[in-house]
Amino acid sequence: MQMQIDYAMEMDQLDELKDYREEFIFPDKLRAPDGRSCVYLAGNSLGLQPRSTRRMILEELEDWGDYGVEGHFHARRPWLPYHEFVTAYSARLVGALPSEVVVMNSLTVNLHLMMISFYRPTSDRYQIICEKGAFPSDQYAVASQAALHGLNPADTVIELAPRAGEDTLRPDDIIEAIQKSGARLALVMLGNVNYLTGQAFDMAAISRAAHAVGALAGFNLAHGAGNLHLHLHQDEVDFAVWCSYKYLNAGPGGIAGCFVHERHANSFDLPRLAGWWGHDKVDRFKMEPDFRPMTGAEGWQLSNPPIFQLAALKASLELFDRAGMAALRAKGDALTGYMEHLLTVDLHEDGRVAPDFLSIITPADKNQRGSQLSIRFKGDGKKLLQAFKQEGVVCDFREPDIIRATPAPMYCSFQDVHRFYEVVKKFAQAEK
Ligand SMILES: *Cc1c(COP(=O)(O)O)cnc(C)c1O
């Protein structure tokens, strides 16, 4: 069945989230040469700017100007408890209790802070399972944590790789690796969506398997927060970290998030790196020499947070909270499914495209992916990028032959997906 432009127009009509698109700024400099606004499929790298962000940051600048130091108490949103203004939003976003989440620092910093507490190797139990080819920052973080404990990363870090000739991990292979490491396993540290392949992992099953052998499970949600409908508390995840500038649209270098499961968050036995913002807020300003952490994830805070970044995050999370992750994920599945259908079925209907022109690396099972499709194609990548640019389509290209296209449900439409497809089709026909 051809699912052409009429279908896209109808789906956009019916879309209950269609008005959210108006809440975002589509970059002027990325317009198609003929003036059409861009199709933005790069929200997995840097999300678009919500229109409300500017006002939210300007209000903080105004209050700083008006109140100086007293803004900590008298700004319209007082700076002292400012991070608490995004706690409920963050908790609903990732499926956590409010006490289990905090926003602070940036992603890799939070990953290290969590591993300081949750990776405590002994002579018997010291292994860490992660992905081969994980995002480089994660690999450096894991290897340097092993080295911090005087261990050789080469025999400490177990890297999971797809089987020969395959692009993604088989879920059963992950569980088997956990069981095999068994009593030697200290920590499973995975992304919940792989940045390159778009494969999503079953966090509940992985956490269960880790706990069954006496290990802990932590996840990097860089490509999951704001993308998947998450249930961290229920899934018994031990800890998780995420950034806010990809799917979460909080701006470049935005403040990051952190989740600590209740059963750890209220225990003061875990070693942690301490700073004054993690001290019990009741007497934080007594400035006493002994550190007494707050209960909950907030007890891992180090510094007073960057208010402008928090303002940007608040602007964005208000939209996520209003739309709701269940509805966003449902639309995301529909958009991604539509893109998949166009690329695998419609593309070949008239026989003008080589059957092996492209293959989708991202799993077809929607429980194993979010909004991103990673597409391997044949042909000259530079020429394809040029073709995208000519049509105002923004997605990313990874040498030598992978495109990552992410129709983020918050601001992408079915017609956007169709415009992307038209470029691919024209290019594919010319390459044949
Ligand atoms: C984007 C991303 C990062 C980036 O880390 P920062 O500390 O925010 O610079 C790290 N890990 C993964 C998996 C990512 O996708």
Within the stretch 33-55, can you find the residues that are closer than 15 Å to residue 250 by Cα, in a loop (DSSP other than H, G, I, E, B) and away from the ligand (no atom under 16 Å from the Cβ)?
48
Of the residues 397, 420, 414, which is aromatic (Phe, Trp, Tyr) and at pLDDT below 95?
397
Sort out which residues of the stretch 96-129 are in contact (Cβ under 8 Å) with a residue 40 or more places away in the chain, among the hydroxyl-bearing types (Ser, Thr, Tyr) and within 12 Å of the ligand (Cβ to nearest atom), and write them in order of number.
106
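Yes or no: residue 143 within 26 Å of residue 213 (Cα to Cα) and within 16 Å of the ligand (Cβ to nearest atom)?
Values: within 26 Å of residue 213 (Cα to Cα): yes; within 16 Å of the ligand (Cβ to nearest atom): yes.
So residue 143 passes the test.
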Would you check if there is a residue in the stretch 348-358 being more than 21 Å from residue 246 (Cα to Cα) and assigned to a helix (DSSP H, G or I)?
yes
Taking residue 290 as the residue in question, decide whether it is at pLDDT below 95, farther than 30 Å from residue 425 by Cα and not in a helix (DSSP H, G or I).
yes
In the set 72, 83, the lone residue that is closer than 16 Å to residue 242 by Cα and either surrounded by 20 or more Cβ atoms within 10 Å (Cβ to Cβ) or out of contact with any helix residue (DSSP H, G or I) (no Cβ under 7 Å at 6 or more places or on another chain) (or both) is 83
Condition first: more than 16 Å from the ligand (Cβ to nearest atom), outside the structural domain of residue 192 (by TED's automatic domain parsing), more than 22 Å from residue 229 (Cα to Cα) and of a type in the set (Lys, Arg). Can you find one or more residues in the stretch 56-76 that meet it?
yes
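Restricting attention to the stretch 131-162, which residues are over 25 Å from the mean Cα position of the chain (by Cα) and charged (D, E, K, R)?
Our first condition is that a residue be over 25 Å from the mean Cα position of the chain (by Cα); within the stretch 131-162, this holds for 147-156.
Across the stretch 131-162, the qualifying residue is only 155.
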For residue 337, work out the one condition from (1) modelled with pLDDT under 95; (2) in contact with a helix residue (DSSP H, G or I) (Cβ under 9 Å, 6 or more places away or on another chain) it doesn't fulfil.
(1)
Here is a check on your reading of the model: is residue 144 hydroxyl-bearing (Ser, Thr, Tyr), assigned by TED's automatic domain parsing to the domain that holds residue 216, surrounded by fewer than 15 Cβ atoms within 10 Å (Cβ to Cβ) and in a helix (DSSP H, G or I)?
yes
Search result, residues across the stretch 359-409 that are free of Cβ contacts under 8 Å to residues at least 40 places away in the same chain, among the acidic types (Asp, Glu) and not in a loop (DSSP other than H, G, I, E, B)
none
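Of all residues in the stretch 323-379 being among the β-branched types (Val, Ile, Thr) and in contact with a Lys or Arg (Cβ under 9 Å, 6 or more places away or on another chain), which is nearest to residue 404 (Cα to Cα)? Step through it out loud before you land on a result.
Start the filter on the stretch 323-379 by keeping residues that are among the β-branched types (Val, Ile, Thr), which leaves 336, 344-345, 353, 360-362, 375.
Now narrow it down to the ones that are in contact with a Lys or Arg (Cβ under 9 Å, 6 or more places away or on another chain): 336, 353, 360-362, 375.
Numbers: 336: 12, 353: 20, 360: 10, 361: 10, 362: 10, 375: 6 Å.
Ranking the candidates gives 375 first.
The values are calculated or read from the model by the stated rules, or taken from the named source; none is laboratory data. Since we're looking at a predicted model, the values are computed, not measured. For neighbour counting, all protein chains shown are included, and Cβ atoms are generated from backbone atoms with ideal geometry for every residue, glycine included.
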